[in-house]
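The values are calculated or read from the model by the stated rules, or taken from the named source; none is laboratory data. These numbers come from a predicted model, not from an experiment. Cβ coordinates were reconstructed from backbone atoms using ideal geometry, including for glycine residues, and neighbour counts include every protein chain displayed. When the accessible area is computed, the model is the full protein with side chains, heavy atoms only, and any ligands, DNA or RNA have been set aside. Shrake-Rupley method; radii C 1.70, N 1.55, O 1.52, S 1.80 Å.
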Protein chains: 2
Amino acid sequence: MRLAVIGGVAAGLSAAARARRLDPSLEITVLERGPTVSHGACGLPYFVEGIIRSADQLVTYDAAYFKRERNIEVRAGVTVAQIEHGRRQVRLEGGEIVRYDRLVIATGAAGSKGIQGTEAPHVFSLHTPADAVRLRDFLVSSKPRRGVVIGSGYIGLEAVEALRVHGVRVTLMDHCGCVLGRPDDHLVSVVKKHLERFGVEVDLTRNVAGASELPADVVVVAAGMRPNVDLAAEAGIELGRSGAIRTDERMETNLNGIYAAGDCTESRHIVTGQPVWIPLGTTANKMGRVAGANAAGGRERFPGVCGTSVVRVCGLGIAFTGLCVSDARAAGFEPVSVRIEARDRAGYFQPRPVSVELIADRRSRRLVGGTVIEERNPIGRINVLATALAGRMTVEDLLNLDLAYAPPYAPVWDAVLVAAQQLAHQL
Amino acid sequence: MRLAVIGGVAAGLSAAARARRLDPSLEITVLERGPTVSHGACGLPYFVEGIIRSADQLVTYDAAYFKRERNIEVRAGVTVAQIEHGRRQVRLEGGEIVRYDRLVIATGAAGSKGIQGTEAPHVFSLHTPADAVRLRDFLVSSKPRRGVVIGSGYIGLEAVEALRVHGVRVTLMDHCGCVLGRPDDHLVSVVKKHLERFGVEVDLTRNVAGASELPADVVVVAAGMRPNVDLAAEAGIELGRSGAIRTDERMETNLNGIYAAGDCTESRHIVTGQPVWIPLGTTANKMGRVAGANAAGGRERFPGVCGTSVVRVCGLGIAFTGLCVSDARAAGFEPVSVRIEARDRAGYFQPRPVSVELIADRRSRRLVGGTVIEERNPIGRINVLATALAGRMTVEDLLNLDLAYAPPYAPVWDAVLVAAQQLAHQL
């Protein structure tokens, strides 16, 4: 039995490693277009900022590691030209044929779609380690004074901070009116005010068509992300409404024996039950594991995501999970929300402010989403909410949670419990 | 309608405040034996250590506050001699009668039961603000060199740290063989080694009968905690097997119209379904809210606890929830456990070690407990596990959780997910 995997980053390598674990005899080949494998986009802004010193640190493992430790053949720098599923083979550029019995598509996503002028020498993207190296070299050698970051997603927000560290006066632009793709006015206003306090200009209703025409010495394009689905679509693989590859819960596409995982693939939103496209490294790894297990003959399922996100913006942690009020209403819920301000520890342990918003459905009393904004540990509280969403908990379930308390770590009434109590009064 | 509450600390005041919120016309009287109300035991070790400077900070609110802001009559320094439920009245020492229609018993717990010599001038307990003031004064004025702390619960472990800050060479003693009441050998060995690294001697199999006979200049007795139930028992209120007051889910005792809450009361363990006595400030507050709501005519229920605990021991956060392996076996589960060592952040953000143990039941694949040991943020991960226990999640539910990821806060595979994956392989 032969398994081929197209794509050698998060999802592809997770799939290959999991398949190997379940089936030691499988012949596994990973085909990666770029020059390196096993790099994540997540570290790139921190390389630009300088927290990651060496570009070597951006790559976790190399092909030799996979051959030696996992008996997985990883080929970097090869481009798949066509999937010929009738013959159970892929054709590489140059004509070489790679045969398979099972195939995992993990072609990821790419940005800058719809933005002109990205080839100008002062315009950069942040998809690959090479991109990050180019940008940092430019920042160090050309010392640009005015910068624009296009795109208010993770990479865009983190790039703003990286440019600031290099002394660049930055403007953040997007046309969507939101941050991290979330149409939540309060969240937008918190992030905007926080960035402005750090001297960053923010314009979230600006439709940038040409990156090279902006009045800036350096431009980072972190917008226009789209799933890479051309190869799949040409092979007759069905796409969902989001434009990403549609799969069942086992990560199998409409073509028997072809699985898909990662940023090129839809997942199911566990609150709405609807397909969504939320490209994230953690999700890619989880999908990859399930795709790899099933490609190796397993029977595993991926239940879906609730859109949990966290980003650090100039020292402030912004986290959310599930639906915001407008998304909840659009999904047919009757959203009721509360927002509270609290502290992250007992009063005598130098507490810092915590802001928690909870959104529940009036009819079912179920939690449908939440936001946590705090400096030190936003993931602790947002992960409790993400777990509560997975457990389909009501507001009453939430306010009775037996959360940990000790003065150095938490107040006696955790902010999540206080917010749940207030929400219960309003339902 | 008149509501009387016996006990003016966590549970009693939560009950009174909640009853007031639901019924503005209720006549509410809180009877507290001590000289102050609204103080928690949680702050006492930190006052002794010096993190809390002034004894005023140990008391959150005073009687005048409750009168003015909540229209609740709080009487400190009065002792209830008898509950005469036939007449719907309590008799105070001195003979005064306080009438009620509904009664909440929140008489708390007390320590030092079974330990002799506690009246010696160098022997202290840590139940009230006055105890903490006495101990700190003694440490400052007498500069003791050798100290013994009896009791390996929260207060004992925190007292060890407080004495060390005052330059005392400390021995921690208990006879139970465990820390925080958990019969978990690995946990005990981690805490023991960590304390020993800080120069603390630890003897957890020492049955101390006489506090004043120990070779020490100062002794802190933080053991022998028992629920204060004499008043309730004499009135014919049923106790559970744990010795604490037994109630239904609405916190009502066997005597109609009498509720109980807080450290004098049993709760239900949500993993085993069995009654347990786990006295904790957070639980006391939650029970108090429910007792107060129902005493005011509401229909609320308290689902129970899973024993979530966290304590900081010389800079290390020790947290657990649910059952340990031996408790799980005793409760009729077939426990399977894994323990992993991981990191709390991405590799380039100065990660610190995290240790996670997960315990699941082989038959149902349900999570039944877990332990988290880390320096910075033990509550984030333990609260995810506590939420998963409340949601009766399986190991598969756990490993698919959509937890937050960003390099400054977490690694791409959170330690909880890694542990869940490993546990799934073993089930």
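Here are the numbers for the structure shown:
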read-out	value
Which listed residue is surrounded by fewer than 19 Cβ atoms within 10 Å (Cβ to Cβ), within 13 Å of chain B (Cβ to nearest Cβ), touching a residue at least 24 places away in the same chain (Cβ under 8 Å) and not hydroxyl-bearing (Ser, Thr, Tyr), from A:Arg376, A:Arg362, A:Arg339	A:Arg376
Checking B:Pro353 against (1) under 22 Å from the mean Cα position of the chain (by Cα); (2) surrounded by fewer than 19 Cβ atoms within 10 Å (Cβ to Cβ), the condition it does not meet	(1)
Members of segment B:285-333 that are out of contact with any strand residue (DSSP E or B) (no Cβ under 6 Å at 6 or more places or on another chain), of a type outside the set (Ser, Thr, Tyr) and farther than 30 Å from B:Asn254 by Cβ	B:Arg312, B:Val313, B:Cys314, B:Gly315, B:Leu316
Any hit, segment B:68-79, residues being buried (at least 20 other Cβ atoms within 10 Å of the Cβ), touching a strand residue (DSSP E or B) at 6+ places or on another chain (Cβ under 6 Å), of a type outside the set (Gly, Ala, Ser) and assigned to a strand (DSSP E or B)	yes
Condition met for B:Gly317 (under 22 Å from the mean Cα position of the chain (by Cα) and more than 9 Å from chain A (Cβ to nearest Cβ))	no
Hits in segment B:408-420 (condition: open to solvent by 10 Å² or more (accessible area, probe 1.4 Å) and more than 7 Å from chain A (Cβ to nearest Cβ))	B:Pro411, B:Val418
Test result for A:Ala331, aliphatic (A, V, I, L, M) and crowded, with 24+ Cβ neighbours inside 10 Å	no
So A:Cys306, is it open to solvent by less than 10 Å² (accessible area, probe 1.4 Å) and either within 14 Å of chain B (Cβ to nearest Cβ) or on the phi > 0 side of the Ramachandran plot (or both)	yes
Residue check, A:Tyr65 within 22 Å of A:Ala296 (Cβ to Cβ), under 27 Å from the mean Cα position of the chain (by Cα), not acidic (Asp, Glu) and not in a helix (DSSP H, G or I)	no
Test: residue in segment A:48-63 that is open to solvent by less than 10 Å² (accessible area, probe 1.4 Å) and aromatic (Phe, Trp, Tyr)	no
Single unsatisfied condition, B:Gly369 versus (1) facing chain A (nearest Cβ under 9 Å); (2) touching a Cys at 6+ places or on another chain (Cβ under 8 Å); (3) not basic (Lys, Arg)	(1)
Residues that are away from every other protein chain (no Cβ under 12 Å) and not in a helix (DSSP H, G or I), drawn from segment A:287-298	A:Ala296, A:Gly297
Breaking point among (1) open to solvent by less than 40 Å² (accessible area, probe 1.4 Å); (2) farther than 17 Å from B:Leu398 by Cβ; (3) at pLDDT 95 or above, for B:Ala346	(3)
All positions within segment A:211-255 that are open to solvent by less than 10 Å² (accessible area, probe 1.4 Å) and within 30 Å of A:Val168 (Cα to Cα)	A:Ala211, A:Val218, A:Val219, A:Val220, A:Val221
Residue check, A:Val325 closer than 26 Å to A:Arg363 by Cα, β-branched (Val, Ile, Thr) and open to solvent by 30 Å² or more (accessible area, probe 1.4 Å)	yes
Some residue of segment A:276-285 being over 21 Å from A:Gly43 (Cα atoms), more than 10 Å from chain B (Cβ to nearest Cβ), at pLDDT 95 or above and more than 17 Å from the chain's Cα centre (by Cα)	no
Residue count, segment A:80-104 (criterion: surrounded by 18 or more Cβ atoms within 10 Å (Cβ to Cβ) and part of a loop (DSSP other than H, G, I, E, B))	1
Filter result for A:Ser142 (farther than 23 Å from A:Ala41 by Cβ, small (Gly, Ala, Ser), in contact with an Asp or Glu (Cβ under 8 Å, 6 or more places away or on another chain) and open to solvent by 40 Å² or more (accessible area, probe 1.4 Å))	yes
From the options B:Ile245, B:Ile237, residue that is within 17 Å of the chain's Cα centre (by Cα) and on the phi < 0 side of the Ramachandran plot	B:Ile245
The lone exception for B:Gly315 - which of (1) open to solvent by less than 10 Å² (accessible area, probe 1.4 Å); (2) in contact (Cβ under 8 Å) with a residue 60 or more places away in the chain; (3) closer than 30 Å to B:Val200 by Cβ it fails	(1)
Of all residues in segment B:384-407 being touching a residue at least 40 places away in the same chain (Cβ under 8 Å) and open to solvent by less than 10 Å² (accessible area, probe 1.4 Å), the one that is nearest to the chain's Cα centre (by Cα)	B:Ala386
Qualifying residue in segment A:288-304 (condition: without any contact (Cβ under 8 Å) to a residue 40 or more places away in the chain and over 19 Å from A:Ala10 (Cα atoms))	no
